[in-house]
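The block underneath contains the structure these notes are about, expressed in structure tokens.
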Amino acid sequence: MIIDHLDEPLPGSSLRSTPPGDTYTDPEIFAQEQAAIFEKMWNCVLRADSLPSAGEWKKVTIGREEIIVVRTRRSGIAAYYNVCRHRGMRVCTTDQGRSKTLQCGYHAWTYALEGELVAAPNLTSMPDVDNKAYGLRPVHVREWLGYVWVCLADIPPDFDQAVLGEVRTSFGEVESIDNYGIENLACGETKTYDVQANWKLIIENFMECYHCATIHPELTEVIPEFADGLASQRENGEVHGAAFGSEIDGFTVDGSSGVSELPAIAPDQERKYYAITVRPQVFINTVPDHVILHRMFPVSESRTIVECDWLFLPEVVEQIRAGSLDVSKSVELFHRVNQQDFEACEQTQPSMSSKVYASGGALVPSEHHISEFHDWWYEALGWRAPKEARDEQATAAQASR
């Protein structure tokens with residue numbers, strides 16, 4: 001459950017419109033989203049520690065492109081388009097591996113881990129070939145919170161504004177999330193969900209809690225204020241964390257105690273749940289003893305892969321792997337939330353193509369902040385946002401008085 005920014009109820013009608021149904025079902029619109037959003041913005045793709053040694057690599061798909069993420073010998077983690085510069089065959093044809101070089105299986109063009117072309121049949125007879133110019137095409141890479149973030153744009157958005165800005169919206173300052181030491185945590189559990197729904201439905205679901213009392217009994221037991229249907233991390237302009245119930249000991253499926261508390265969290269982060277949406281595809285959920293991070297990978301207009309990590313202190317993960325500590329109750333709470341949310345999205349997706357939903361649906365006041373996401377989406381695609389129409393209507397109404 002992601003809580004987004006809502007300072008106060010917004011003026012005007014109690015209901016606001018959503019985008020039309022075909023924006024969730026049209027393959028052409030999805031292709032535009034891939035090009036204008038996922039292939040232009042920063043995407044969180046994998047844990048940096050999942051590539052511990054030089055030569056280890058994994059494939060990821062961003063938008064319509066397949067990318068190799070590899071740990072190099074000299075320059076840390078790098079990322080390249082998975083396209084041989086000779087005739088275009090995929091260089092890496094399995095999901096992951098470890099090798100001294102990256103070699104295309106078609107004509108044996110071979111690339112160093114740092115990307116340059118180092119060998120090819122008869123290469124010595126072609127002295128004019130520039131090994132760097134014909135190396136693997138790189139993509140921009142950043143590491144943050146222990147994750148690898150990549151951007152396919154020729155000129156990427158400023159990371160501080162595009163990514164860290166989302167943290168400031170939810171936490172007030174970047175230092176607040178630093179208290180959780182996410183980059184030093186270890187992954188105790190990962191679950192992958194194949195959701196038969198449009199990615200925007202998933203984001204909209206995570207941004208509101210109007211549905212919480214209906215489909216999240218375990219979550220509202222642990223965090224009673226969610227049952228009221230409000231999803232705001234701001235209260236009177238101040239950062240607001242959702243408090244555990246008075247009889248609740250931990251963020252677990254039955255409210256029992258969790259594991260060792262993260263050592264550097266602030267007093268106002270104890271017994272509190274905070275969350276961040278990092279557009280376009282990351283959700284970060286923090287509680288006192290662990291962090292839950294979602295990464296979305298849209299596959300089509302009606303299918304989205306979601307990978308969810310549960311992050312704990314390294315010593316906790318060591319005990320989990322040794323079989324001396326059970327964190328299943330901590331994992332199970334958000335796993336159920338995920339299942340409940342994704343089922344709701346899957347039950348919603350078919351109606352997006354109904355004539356009844358051709359003009360879209362409605363947002364109640366506690367969901368009005370979702371229109372901020374819709375405005376962002378329209379702007380990212382270069383389309384006229386409903387916000388502009390609302391502003392024009394307000395200006396016209398003011399002038400007519």
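The values are calculated or read from the model by the stated rules, or taken from the named source; none is laboratory data. Please read all numbers here as calculations on a predicted model, not as lab measurements. Using ideal geometry, Cβ is built from the backbone for each residue, glycine included, and neighbour counts are taken over all protein chains shown.
Residue-wise test of (1) assigned to a loop (DSSP other than H, G, I, E, B); (2) among the hydrophobic types (A, V, I, L, M, F, W, C); (3) out of contact with any Pro (no Cβ under 8 Å at 6 or more places or on another chain); (4) modelled with pLDDT under 95.
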residue: F226; (1), (2), (3), (4): no, yes, yes, yes
residue: L230; (1), (2), (3), (4): yes, yes, yes, yes
residue: I248; (1), (2), (3), (4): yes, yes, yes, no
residue: D254; (1), (2), (3), (4): yes, no, yes, no
residue: S260; (1), (2), (3), (4): yes, no, yes, yes
residue: I265; (1), (2), (3), (4): yes, yes, no, yes
residue: D268; (1), (2), (3), (4): no, no, yes, yes
residue: T277; (1), (2), (3), (4): no, no, yes, yes
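If you go through region 279-314 and pick out every residue that is under 17 Å from E346 (Cβ atoms), of a type in the set (D, E, K, R) and assigned to a strand (DSSP E or B), you end up with 1.
Quick check on region 145-156. Is at least one of its residues more than 17 Å from H294 (Cα to Cα) and hydroxyl-bearing (S, T, Y)? Break it down stepwise before answering.
Step one: filter region 145-156 for residues more than 17 Å from H294 (Cα to Cα), giving 151-156.
Subset that is hydroxyl-bearing (S, T, Y): none.
Looking for residues that are more than 17 Å from H294 (Cα to Cα) and hydroxyl-bearing (S, T, Y), one finds none in region 145-156, hence no.
Being more than 23 Å from the chain's Cα centre (by Cα), over 30 Å from P19 (Cα atoms) and surrounded by fewer than 22 Cβ atoms within 10 Å (Cβ to Cβ) is true for just one of A227, A243, A213. Which residue is that? Please lay out each step first, then the result.
Working: A227 fails: over 30 Å from P19 (Cα atoms); A213 fails: over 30 Å from P19 (Cα atoms).
Of A227, A243, A213, the one residue that is more than 23 Å from the chain's Cα centre (by Cα), over 30 Å from P19 (Cα atoms) and surrounded by fewer than 22 Cβ atoms within 10 Å (Cβ to Cβ) is A243.
Going through Q319, Q339 one at a time, which residue ends up being polar (S, T, N, Q), within 25 Å of the chain's Cα centre (by Cα) and assigned by TED's automatic domain parsing to the domain that holds H294? Answer to the selection: Q339.
The set of residues in region 25-68 that are aromatic (F, W, Y) and either outside any strand (DSSP E or B) or touching a His at 6+ places or on another chain (Cβ under 7 Å) (or both) comprises F30, F38, W42. Can you pull out the residues in region 58-75 that are free of Cβ contacts under 8 Å to residues at least 40 places away in the same chain and under 25 Å from the mean Cα position of the chain (by Cα)? Listed by number, the residues that qualify are K58, K59, R64, E66. Counting only strands (runs of 3 or more DSSP E) that sit wholly inside region 98-214, those with at least 1 residues that are assigned by TED's automatic domain parsing to the domain that holds Q347 and touching a Pro at 6+ places or on another chain (Cβ under 7 Å) are 186-195. For the residues E166, E114, E143, the requirement of being surrounded by fewer than 15 Cβ atoms within 10 Å (Cβ to Cβ), within 31 Å of the chain's Cα centre (by Cα) and of a type in the set (D, E, K, R) singles out E143.
Taking helices (runs of 4 or more DSSP H) that do not extend beyond region 323-401, which have at least 2 residues that are modelled with pLDDT of 95 or more? Per the criteria, 328-348, 370-381.
Within region 6-24, the residues that satisfy the criterion of being modelled with pLDDT of 95 or more, in contact with a Lys or Arg (Cβ under 9 Å, 6 or more places away or on another chain), outside any loop (DSSP other than H, G, I, E, B) and not small (G, A, S) are T23, Y24. Within region 316-365, the only residue that satisfies the criterion of being touching a residue at least 12 places away in the same chain (Cβ under 8 Å), more than 24 Å from A213 (Cβ to Cβ), of a type in the set (A, V, I, L, M) and loosely packed, with under 15 Cβ neighbours inside 10 Å is A358.
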